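Structure first, commentary second.
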Amino acid sequence: MTDSIRVAIVGCGVIGRNHARAIGEHPAFEVVAAVDPVPENSAALLAEFPSPVAYSTLADALRECAVDLVVICTPSGTHLDLAREAVTAGKHVVIEKPLDVNVARAAEFAGLAKQAADAGQMITVISQHRFDPASVAVARAVHGGRFGKPTSGAATVSWWREQSYYDSGDWRGTWQLDGGGALMNQGVHTVDLLCWFLGRPLEVQASARLLAHERVEVEDTVAATVVFESGAIAVLLATTAAYPGLTARIQIHGSEGSAVIDNDRLEYFHAKGSAAGHEPGGAGSVTGGAVSGNQAEAEVGLADTPAGPRTEHDFVLGHRRQYDDIAHAVSTGARPRVTIEDALMSLAFVRAIYVSAALGERIAVADVLDGKYSDVRLELKGR
C-alpha cells in the first residue's frame, strides 16, 4: 500500500460527494476514482475534486486503477452487489447506510464479510452518529453502569421532506431500492443508536402511514414500541411529514440516571453522583444533580462542542470522525468500531417494524433475522 489509502467512491450523488469532502479533509486518504454510470454525477464530484479518474463501472475502476478502499454510496438496494464485488477483489469496503434493504441478502453477505475480515480486510457501514461526542458520552455512561439499570428510551426523528425530494429520483420512495421511507432512510441512524445504548432489540409493535406525500410506495410516518433484551422498553417515531422540520432527539433513562441528545448535542445529563449546586433556571441549570445545556456537555467533557444550528460542515464532520476509525482499522488491522453485524441488527430491527406495521402484529426481531417473514409484502395500511 502507498502512504495514502487510495479510495474509489462508487455513486457520485449527494452522499458520494459528502464522503469525498470528508475524505478530502483526512490526511490518510486519497480519492483516485469516481465511479458512476451517470456522467453528470461523476462530473459534479470532479468539479470539486479534479484529481480522481471517472469510471462508469466499479469493474473498470478496479481493473484500471490502483485502489485500496471502495466506498459505496449508491441507492440502498444496490449496496451489496457492489460490496461483494469489492470484497471479492480483496479491497477494504465502506458501505453508506443502510447495509442493504433485504435481511436475507445482508445475512449472507455478513458471512462473506467475516471471512474477508479474518483475512485482513476492513469492512464497515457508515453509522457516523456513533462517533458524535454526545453519543459516545451517553454510551459510556450506559455501558459503564452510571445510569444503573437501563429502563427506557424515547427516540424521534421529526423531519420534513418536500415532494420534490421523492420525485428527484426513480429509486426514492420504493421498497426495492430505498427499502422504506422515513425509518429506513432518515431514521436508521437513530435505530442504530437505540441498539447501541439499550442493547439487542427483542420485539416490536408498529404502525406506518403515508400521510403527506404522493407517488411514494413507502411510509412518511412510522411509530413503534420496542422491547430490548436488557428489559428496557422504548418508543420510536420517524417522520418526514413534520413541517417545517424539527430535530432528531433521543432520550435514554435508567434507574440511576438519564440523558437527552437533541440535534446531536447533549442537552441533558444526570448520573448518580453528578455535580450539583447551581440554581435552577435557564440553559446550563442544575437541579438535584442534573445538568443541562452547556453544563451537560461540560459534565462529560464536551464543552468545546460547536453550538448553534447544524451546517453542511457538521454532516462532513460526522463522517470525518468515522473515517478516523476506518483509517486506524485499515492501517493496523484492528476491528472497526462499526461492524457488519451491527448494521445487520439495525436492518433487521427496521424490517421487523415494517413487518409489524404490515401485519398488525407484534414481531420478534430474531424471527426476521431467521428469514421467517422474508415473503411478507410490505404494504401500508391506509394512506
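Results, tabulated for the structure shown:
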quantity	calculated
Enumeration of residues in region 7-64 that are without any contact (Cβ under 8 Å) to a residue 40 or more places away in the chain, surrounded by fewer than 21 Cβ atoms within 10 Å (Cβ to Cβ) and part of a loop (DSSP other than H, G, I, E, B)	Pro27, Pro37, Val38, Phe49, Pro50, Ser51, Ser56, Thr57
Among the candidates Thr78, Thr88, residue that is over 30 Å from Thr225 (Cβ atoms), open to solvent by 40 Å² or more (accessible area, probe 1.4 Å), in contact (Cβ under 8 Å) with a residue 60 or more places away in the chain and not aliphatic (A, V, I, L, M)	Thr78
Number of positions in region 349-382 that are within 27 Å of Val87 (Cβ to Cβ), within 22 Å of the chain's Cα centre (by Cα) and either surrounded by 21 or more Cβ atoms within 10 Å (Cβ to Cβ) or of a type in the set (Asp, Glu) (or both)	6
Odd one out for His129, checked against (1) under 15 Å from the mean Cα position of the chain (by Cα); (2) of a type outside the set (Asp, Glu); (3) under 23 Å from Gly173 (Cβ atoms)	(3)
Hey, Ser331 small (Gly, Ala, Ser), more than 17 Å from the chain's Cα centre (by Cα), at pLDDT 95 or above and not in a loop (DSSP other than H, G, I, E, B) or not	yes
Subset of region 233-263 [under 23 Å from the mean Cα position of the chain (by Cα), modelled with pLDDT of 95 or more and part of a loop (DSSP other than H, G, I, E, B)]	Thr240, Ala242, Tyr243, Pro244, Gly245, Leu246, Thr247
Residues (over 17 Å from Arg130 (Cα atoms) and either without any contact (Cβ under 8 Å) to a residue 12 or more places away in the chain or open to solvent by 50 Å² or more (accessible area, probe 1.4 Å) (or both)) located in region 181-211	Leu202, Glu203, Gln205, Ser207, Arg209, Leu211
Residue in region 218-234 that is in contact with an Asp or Glu (Cβ under 6 Å, 6 or more places away or on another chain) and either among the charged types (D, E, K, R) or over 19 Å from Leu99 (Cβ atoms) (or both) present	yes
Condition check for Pro98: assigned to a loop (DSSP other than H, G, I, E, B), free of Cβ contacts under 8 Å to residues at least 24 places away in the same chain and closer than 25 Å to Gln176 by Cβ	no
Any hit, region 296-311, residues being modelled with pLDDT under 95, more than 24 Å from the chain's Cα centre (by Cα) and open to solvent by less than 20 Å² (accessible area, probe 1.4 Å)	yes
Gln176 assigned to a helix (DSSP H, G or I), open to solvent by 30 Å² or more (accessible area, probe 1.4 Å) and either free of Cβ contacts under 8 Å to residues at least 24 places away in the same chain or under 22 Å from Gly11 (Cα atoms) (or both)	no
Flag for Val291 being touching a strand residue (DSSP E or B) at 6+ places or on another chain (Cβ under 6 Å), modelled with pLDDT of 50 or more and surrounded by fewer than 19 Cβ atoms within 10 Å (Cβ to Cβ)	no
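The values are calculated or read from the model by the stated rules, or taken from the named source; none is laboratory data. The structure presented is a predicted model; accordingly, all values stated were derived computationally and were not measured. No Cβ is skipped: glycine too gets one built from the backbone with ideal geometry, and neighbour counts run over all protein chains shown. Each accessible area value is taken on the protein alone, full model and side chains, heavy atoms only, with ligands, DNA and RNA left out. Shrake-Rupley method; radii C 1.70, N 1.55, O 1.52, S 1.80 Å.
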